[in-house]
Amino acid sequence: MHAIREAVAGFDGESTLPCFLALPEPGIGRPLDLDALLRVLAEARTRTRAPVHLQLRPEWCVAAGRAGVFTVLEKACALLASGAQRVALVGGIDSLVDAETLDSLVEHERLLGPTQLDGIIPGEAGAFLLLSSRGYGGPSLAALATAHEPLPFVRASERISEAEGLTTVFRDLRSRIQGRVDTVVTGTSSEAYFGREFAHAYLRNVGLFPEPLAHELVSHALGDVGAAAGAVCLVQGASSLVAGRKALVHASSDGGLVGGAVLSGAY
């Protein structure tokens, strides 16, 4: 709720605010109980007396991991474009540090340690942005793209991925903006698979990126924050922008969803 309160601080628009959520993908840890989560959020909203009432719907929640926020961002943009709403809250939440999830990570040999040098440091996070169809003087969404990687992390043992999904996302973003971006924020774990994925996709789309490359990996500071990673990237990218500059943010989920966006600083 702290991240939600920060996102809506000072907002005095509609009393009901649609909320779009990126949530953990199945496979690691306890299965997500969406109904219970929505109830907890509703109760927490009442207890904290948030300045607006969140409107939460199951169809506005995507359980797809790190890149899920780009899918819910597409849903939020479609709602705003329809004229049904003028503002929406978009975010992601996840925790990989509860006992059951840690046990599952150990079982899948995903934890960084003496016997697993290509593992993760688990983390947790929640990040939200207020999206508006009206100008508030903040960063704007210049481009948005999603794709599916045919050989994702969960199938990486079959053969080496050619990073088709991320290459497609970068190519789509490049075609929708002019010039290069000024900074890049990546929402993946620090595992070698995702490093190779970025390297391949970057080399195929060099014209999109700053030279020299200015690149920030969220997991270096926070560990792997799962489904919150893409939302953290968006917040990091938006908060770092100044007038006239652009930030590329992207994330990849273990199951193959890949997404990215270009944010532009307000003049």
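Tabulated results
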quantity: Positive-end extreme of charge dipole, the chain - chosen from Leu222, Ala9, Ala163 (charges on Cβ); calculated: Ala9
quantity: Accessible area, probe 1.4 Å, largest first, for residues Glu197, Glu216; calculated: Glu216, Glu197
quantity: Given charges at beta-carbon only (K, R positive; D, E negative), |dipole| of the chain in Debye; calculated: 1100
quantity: Accessible surface of the chain, 1.4 Å probe, proportion on carbon and sulfur as whole %; calculated: 52
quantity: Among Ser82, Ser132, Ser95: highest mean-square fluctuation, GNM of the chain, C-alpha pairs under 10 Å; calculated: Ser82
quantity: Distant-in-sequence amide H partners of Leu257 (H built 1.01 Å from N, under 5 Å); calculated: Glu149
quantity: Sum of side-chain charges, Ser190 neighbourhood, beta-carbon under 10 Å (Lys, Arg +1; Asp, Glu -1); calculated: -3
quantity: Semi-axes of the equivalent ellipsoid for the range 212-255, Cα gyration tensor, largest first, Å; calculated: 20, 11, 10
quantity: Coil-residue GluC sites (Glu not before Pro) of the range 60-136, DSSP, other Cβ within 10 Å capped at 14; calculated: Glu109
quantity: GNM top mover of Leu17, Leu96, Leu32 - the chain, alpha-carbon springs below 10 Å; calculated: Leu32
quantity: The range 121-169 - Debye-derived log10 I(q)/I(0), Cα point model, q = 0.26 Å⁻¹; calculated: -0.96
quantity: Cβ-based net charge around His200, under 12 Å, with every Lys or Arg adding one and every Asp or Glu removing one; calculated: -2
quantity: Solvent accessible area, Å² - Thr146, 1.4 Å probe, full protein context; calculated: 40
quantity: Fraction of beta bridges assigned by DSSP in the chain that are antiparallel (%, nearest 5); calculated: 55
quantity: Neighbourhood charge, 11 Å Cβ-Cβ cut-off, centred on Gly65 and excluding it, Lys, Arg +1 and Asp, Glu -1; calculated: -3
quantity: For the range 176-218, size of Cβ-based charge dipole, Lys and Arg +1, Asp and Glu -1, in debye; calculated: 200
quantity: Euclidean distance between Cα centres, the range 114-169 to the range 195-267, Å; calculated: 8
quantity: Full-extension gain in nm, Arg39 to Glu211, via 0.36 nm per residue minus C-alpha separation; calculated: 57.2 nm
quantity: Accessible surface, the range 93-225, averaged per residue in Å² (probe 1.4 Å); calculated: 53
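The values are calculated or read from the model by the stated rules, or taken from the named source; none is laboratory data. If you're wondering where the values come from, they're calculated on a predicted model, not measured in any experiment. Cβ: placed from backbone, ideal geometry, glycine included. Neighbour counts: every protein chain shown. Heads up: the accessible areas ignore ligands, DNA and RNA and are worked out on the full protein's heavy atoms, side chains in. Shrake-Rupley method; radii C 1.70, N 1.55, O 1.52, S 1.80 Å.
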